1. Using a probe radius of 1.4 Å on protein heavy atoms only, what is the accessible area buried between chains B and A, both sides summed, to the nearest 100 Å²?
2. Under a 1.4 Å probe, what is the accessible area of region B:28-181 per residue, stated in Å²?
3. How do B:84, A:109 stack up against each other in accessible area, from largest to smallest, with a 1.4 angstrom probe?
4. Report residue B:65's accessible area, 1.4 Å probe, all protein chains in place, as a number in Å² to the nearest 10.
5. Would you list which lysines come within 22 Å of residue B:159, measuring only between C-alpha atoms, while excluding same-chain residues fewer than 8 positions from it?
6. Counting only protein heavy atoms and a 1.4 Å probe, tell me what percentage of chain A's accessible area is made up of carbon and sulfur.
7. Cα gyration tensor of the protein assembly as shown, axes a ≥ b ≥ c as square roots of the eigenvalues: rounded (a/c below 1.5), prolate (a/b > b/c) or oblate?
8. Could you work out the relative contact order of region B:3-173? I mean the mean sequence separation of Cα pairs under 8 Å and 6+ apart, divided by the number of residues, in percent.
Amino acid sequence: MSVGVYVHADSVVHRLSPGIKLAALFGFSTLIVLVRDVVALAVALGLVLMLFPLARLPLSLAWRQWRPILVVMAILAAVQLFYSDWVGAVSVVLRLSALVLLAALVSLTTKASDMIEAISRAVRPLAYLGISPTRIGLVISLALRFIPLIAEQLEEVKEAQRARGLERNVLALTIPLMVRVLKMATEIGDAIEARSFDPDDARRLSDLWRRRSEQPSERNDH
Amino acid sequence: MSTRDLAYIALFAAIMAALAIFPPLMLPIGVPITAQSMGPMLAGLILGARRGGLSILLFVVLVAIGLPLLAGGRGGLGIVMGPTGGFIIGWIPAAFAIGWLTERFWNGLNPINAFLIAVFGSVVVSYAVGIPWTAAVAGIGLDQAFWPMLAFVPGDCLKAAVAVVVALTVKRAYPLIPARS
């Protein structure tokens, strides 16, 4: 599964278990929210930036992850400048940058499938509450399968409405599309049930995921 | 929860992802409006509390594990934990609240009360999570995080109006919430 923000490299950070990375991230983010000292925040950001070479990832990737929050950060820093002083504004920028870059690093170095496996291990105790990991696996696989199906249905509806000269009307597109995909989901749900899907079967969530990513071409039989 | 319900939950998570392909509309004051925040309203209004909330939860999990499903192809923990992450997390209780109220008002649902429900969920509930989150993550005061976010309210009202028209038509054509006696 290479979809997503994951970037492959052979490094210590990549090999760390996803559970440890997530735990470290939550520990770090709690700490950084509590820290008020601007020097400590600068050191924290420096440390996070040093993790990128350690993960054998170019700093340009850090920049690409940092850029989307630039506008929000600028607004928050400006508000801070207005209410207090430049130290406050700099603190906001440092804190947010460190937090976002470390979180991005976890996503850059952890495959989505490994992340799902870590989650499935974490939710296993929930089975006692009646939430089966297999159901979670099914629902994730279904969601990923539905995305291209919705795009397909949208094309069909667009074509039909073009014949009526309505292809630019948002409601004339959305409403038939919505009804179509709801019907499609009902049929798929019934089809899965008809094929004796047993949600309480104790198969591992990651198996479902792996099968899905290995044979994408055979999954068209809804 | 039946297999059909699982399919609806998966469907609305996928609809959230599909909404990301619509290019963001820029307001004159430089605030982007993305179609994506219409997703929680549609999920709540069409599926109800439990299924609607779970579908948005599923979507947020998919984004958090690194799939680029947010508007602009963004995804990963960097966005979810970032300054505006609370608004993404806030979509979950927003969809749940909208769904809960929709179920309560299902028999007498009309454009006006449905619009109020959608605005309540997408403005009051999701901002109640998003603004304290921004304040905590950025380490600033609640009031300082509050004012900039008001710029998004007009866009949210516009989206609520579209979501309500769609949801009410779907209610007539393909109702998924059982009528209350």
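The values are calculated or read from the model by the stated rules, or taken from the named source; none is laboratory data. Nothing here was measured: the structure is a model prediction, and the numbers come from that model. Virtual Cβ from ideal backbone geometry, glycine too; neighbours counted across all protein chains shown. With ligands, DNA and RNA removed, areas are computed over all heavy atoms of the protein, side chains included. Shrake-Rupley method; radii C 1.70, N 1.55, O 1.52, S 1.80 Å.
1. Details: alone 9010 and 14330 Å², together 18730 Å².
Separately minus together, B and A give about 4600 Å² buried.
2. Working: 5600 Å² over 154 residues.
Value for region B:28-181: 36 Å² per residue.
3. Working: B:84 45, A:109 5 Å².
From most exposed to least exposed: B:84, A:109.
4. The accessible area comes out at roughly 10 Å².
5. Reachable lysines: A:158, B:171.
6. Numbers: 7490 of 12070 Å².
Its accessible area is 62 percent carbon and sulfur atoms.
7. Values: a/c = 1.85, a/b = 1.27, b/c = 1.45.
Oblate, since a/c reaches 1.5 and b/c is not below a/b.
8. Numbers: 272 pairs, mean separation 41.3, N = 171.
Dividing the mean separation by the residue count of region B:3-173 yields 24 percent.
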